[in-house]
Amino acid sequence: MGYVDLVIENKSRHTDDLFTYQTDRDLAPGTIVKVPFGRGKALKTGYVFRTGVTPAPELAGKIRSVAEVDPDLSMTEEMVETAAWMRQRYGITYVDAVHCFLPPKRGSARGKKKEPYKDAVGEIQEIHRLTEEQQQAVRRIGDAVRKRERKIFLLKGVTGSGKTEVYMQAIRRTLEEGRSVIILVPEIALTDQIIRRLIGRFGKQEIAVLHSRLTLRERYDEWNRLRSGEARIAIGARIGVFAPLPHIGLIIMDEEHESTYKSDQTPKYETVDVAAKRLMAENGVMILGSATPSVVSYQRAKEGIYELIEMNRRYNATPLPEVELVDMREELRAGNNGIFSSRLYQEMQRSLSAGKQIILFLNRRGYATFISCRSCGEAMKCPECGISLVYHKRENALICHYCGKKFPVPRVCPACGSREIRFAGRGTEQIEELVKQAFPDHPSARLDLDTAKNTREIRKLMTSFAKGRTEILIGTQLVAKGLDFRNVGLVGVLAADVSLNIPDYRSAERTFQLVTQVAGRAGRGEEQGRVIVQSYTPDNFALRAAARHDYEAFFREEILIRKLMQYPPFTDLIQVLFTSEEESLAVDTAGRCAAWLEKAKLPNARRILGPKPDPNFKGQNSYRHDILIKCPRGNRNQYIYYLRYFRQKLVEAGTACQITIDVNPYSMV
DNA sequence: AGCACGCCGACT
DNA sequence: GTCGGCGTGCTC
């Protein structure tokens, strides 16, 4: 007869603890059981976190017995270990952490059985000879896998250097060692190519796909195939990091710099952290792949926390495209207030007459992005989100890009009644119109969330471009990522300032990454491509570095700013959110929390900003305020510990204010 | 979160 | 007397 510690399936923060039960069965950590709990008569689900427990003396007479054991569903020991760690690190409950590792809902095994990639045909890639750089990368990674070294490789490879082939070889070696693999990608919809290649190499049986757009039934089945060992390769967006695989030998994070790896809902985890933690328990290896590593990751490589592998040569030896920065202020002075600079227009004509295709990039959807009154200056904003509304011509409506609500186009200013409404700021919809006017003989298409609402539509537009039926492709972020078209001779970045002017400490980093990536769409065939970047601030260091394909130069400058301003990687930004139905309670609690932290003598506690209202919050009848802590590196756990303590006291006092902790949040304004 | 206990007011 | 309002507090 023995004792185990359980986490009880219960949403309340009051029961976020381990509970001791008696059992005569031999239960492993990760087992799922049914137990009596509290006064209720219904049995509750429990998760075994610890076994061989010696019960605390004060529990004498209180301990009850495990009633049932779930025969179909269980976690591994590593999974509960990681869940417990997540609770500490992200300030979440055991239950929230455990749910990450379980299939969506019990009982979802109903419905028709369906395999997500049933009719996907594997792509048998002829295996070219690897380049010298690729061979070396594969050798280093393979060695680490074989020797069970806990290593994290930062694979920094220019666009077209063949990172995917390195992944494939590393996967093969890991499988040969009898261990399993997780491949993470920023957006599964744009990952068809990788999945096909995986199927071609390793067979459909070995692969399971995990992402949030699968049906419940599909997710349940894929989860089981991984848990049972039928499939040993999991591929997915960030939730794939929770794949229920035993003996993980390798985790690959492709395009590691992408912001989609940070979860924006509870639990607000960082994918790379969870991955590293899981590998720690398994002695596994991680590959972080990118042409433009995040500043945080590259600094870690410089400090030796990650091991850097560089691949600077393109696979087909075509030189990187030539990037030209165009000063739009000069265009304006010369009387051109259009969206095309004379240089871009000239190059477009040249490109088209040479039979080459063009990609135009603009990071703004819609027709006009700023609607205001000429006489009183009132700007049209979403009444709920407070964000500028965007005019969409085809829909003939103003749309809020945050909440998606539509509003009729005003004839007169709602504030002063003037008829002079100004439609400023061009978006992709208008660019498409202008392109069709300027180049009526060359078919063009637009690829953004308005023209392509699902994967199939995205694919359709891409196929049309790949086959040359479309000559000019206009698009948002969607065209920046992963497109591999041979015949693109020219890429135009219409307004590089859009991402540069976002009030976030990462705006320079994002801009550098974006420009580098879009530029990488040009000249993937035999001939060198050309890129034109239009900007009102062409002297910006991030743009200049991107134009020279000089990551190092960008990094040198950016890291100085981060240091000076005390931003990551030199600090962790801890955002603490206070949500309440009473605004004064949210403000008060936030203020008390900030004051309490300052008094608690934590290192550098003077770097606490706020409280202030959370600009990103849209709640019907509740209010949210936040404080922001620039937490010095290495003190993060201590701060989280204190915040959890503060919250626990509030919970015990029954205060009607909810506290959420977000470390290094996804968006910061 | 549930769920029972308990300490008050208005009913057959 | 006792039925039931929901405030209070505990769950191994």
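Taken together, the values in this text are just the output of simple stated rules run on the coordinates, not laboratory data. None of these values were measured; they are calculated from a predicted model. Every residue, glycine among them, receives a Cβ derived from its backbone with ideal geometry; neighbour counts consider all protein chains shown.
Taking a ≥ b ≥ c as the square roots of the Cα gyration tensor eigenvalues, with a/c under 1.5 meaning rounded and otherwise prolate when a/b beats b/c, else oblate, which class fits the range A:450-570?
prolate
Quick one, can you get me the convex hull of the C-alpha atoms of the range A:571-663 expressed as volume per residue in Å³?
81 Å³
In chain A, what % of DSSP beta bridges are antiparallel (nearest 5)?
In chain A, approximately 50 percent of DSSP beta bridges are antiparallel ones.
Quick one: dipole size for the range A:281-357, taken about the Cα centre, charges +1 on Lys/Arg Cβ and -1 on Asp/Glu Cβ, in debye to the nearest 20.
Using only the charged Cβ atoms, the result is roughly 240 debye.
Using mean Cβ contacts within 10 Å as the protection proxy, how do A:495-505, A:64-74, A:164-174 order, highest first?
Top of the packing list down: A:164-174, A:495-505, A:64-74.
How large is the charge dipole for the range A:132-311, taken about the Cα centre, if only the Cβ atoms of Lys, Arg (+1) and Asp, Glu (-1) carry charge, to the nearest 20 debye?
440 debye
Using DSSP to call loops (not H, G, I, E or B), can you name the trypsin sites (Lys or Arg not before Pro) in the range A:440-477 whose Cβ has at most 15 other Cβ atoms within 10 angstrom?
For trypsin sites (Lys or Arg not before Pro) across the range A:440-477 that sit outside H, G, I, E and B with at most 15 neighbouring Cβ atoms in 10 Å, the list reads A:Lys453, A:Lys467, A:Arg469.
What distance in nm lies between label points placed 7 Å from Cα along the C-beta direction at A:Gln205 and A:Glu582?
6.4 nm
Where a Cα-Cα gap under 19 Å defines reach, which lysines qualify for A:Lys62, not counting those fewer than 8 residues away within the same chain?
A:Lys34, A:Lys41, A:Lys44
From the mean inverse distance of alpha carbon pairs (Kirkwood) and the Cα radius of gyration, derive Rg over Rh for the range A:132-311.
0.93
Rounding to the nearest 20 debye, state how big the charge dipole of the range A:357-498 is about its Cα centre with +1 on each Lys and Arg Cβ and -1 on each Asp and Glu Cβ.
Charge dipole of the range A:357-498: 300 debye, to the nearest 20.
Starting from the range A:524-568, pick out the GluC sites (Glu not before Pro) whose DSSP state is loop and whose Cβ has at most 10 other Cβ atoms within 10 Å.
Within the range A:524-568, the qualifying GluC sites (Glu not before Pro) (loop, at most 10 other Cβ atoms within 10 Å) are A:Glu526.
How would you rank A:Phe617, A:Phe153, going from fewest to most other Cβ atoms within 10 Å of each one's own Cβ?
Ascending number of Cβ neighbours within 10 Å: A:Phe617, A:Phe153.
Compute the angle between helix A:132-146 and the longest alpha-carbon principal axis of chain A, please, reported from 0 to 90 degrees and rounded to the nearest 10.
Helix A:132-146 sits roughly 10 degrees off the main axis of chain A.
Please state the Cα pair-distance histogram of the range A:347-394 with 10 angstrom bins from zero: what percent is in each bin?
Over the range A:347-394, the share of Cα pairs per 10 Å bin runs 21, 30, 22, 16, 10 percent.
Would you kindly state how much longer the chain becomes between A:Leu18 and A:Phe423 on full extension, computed as 0.36 nm times their sequence separation minus their alpha carbon distance, in nm to one decimal?
139.9 nm
Give, to the nearest whole percent, the P(r) tail of the range A:368-425 beyond 16 angstrom, counting all Cα pairs.
When every Cα pair of the range A:368-425 is considered, 36 percent fall beyond 16 Å.
Would you work out the relative contact order for the range A:2-104, in percent, from Cα pairs under 8 angstrom that are 6 or more residues apart?
Worked out over the range A:2-104, it gives 31 percent.
Which order do the peptides A:383-396, A:50-63 take when ranked by the mean count of other beta-carbon atoms within 10 Å per residue, highest first?
Packing order, densest peptide first, comes out as A:383-396, A:50-63.
Positive end of the dipole of the range A:2-104, charges at C-beta (+1 Lys, Arg; -1 Asp, Glu), about the Cα centre: which of A:Met75, A:Leu43, A:Tyr94 has its Cα farthest in that direction?
A:Leu43
At what distance in angstrom do the alpha carbon centres of the range A:348-380 and the range A:500-549 lie from each other?
Using only Cα atoms to place each centre, the spacing works out to 17 Å.
Considering the options A:Gly520, A:Leu494, A:Phe541, tell which one lies farthest towards the positive end of the dipole of the range A:476-545, charges being +1 on Lys and Arg and -1 on Asp and Glu at the Cβ, about the Cα centre.
Final value for the positive-end residue is A:Gly520.
Quote the Stokes-Einstein diffusion coefficient, in whole µm² s⁻¹, for the range A:542-582, based on the Kirkwood radius over alpha carbon pairs, a temperature of 20 °C and a viscosity of 1.002 mPa s.
Reported coefficient: 171 µm²/s.
With the alpha-carbon atoms as the only input, what is the per residue convex hull volume for the range A:2-104 in Å³?
Hull volume normalised by residue count: 112 Å³.
Where does the Debye-calculated log10 I(q)/I(0) of chain A sit at q = 0.05, 0.09, 0.10 Å⁻¹, using only Cα point scatterers of equal weight, no solvent?
Reported log10 I(q)/I(0), two decimals: -0.27, -0.89, -1.09.
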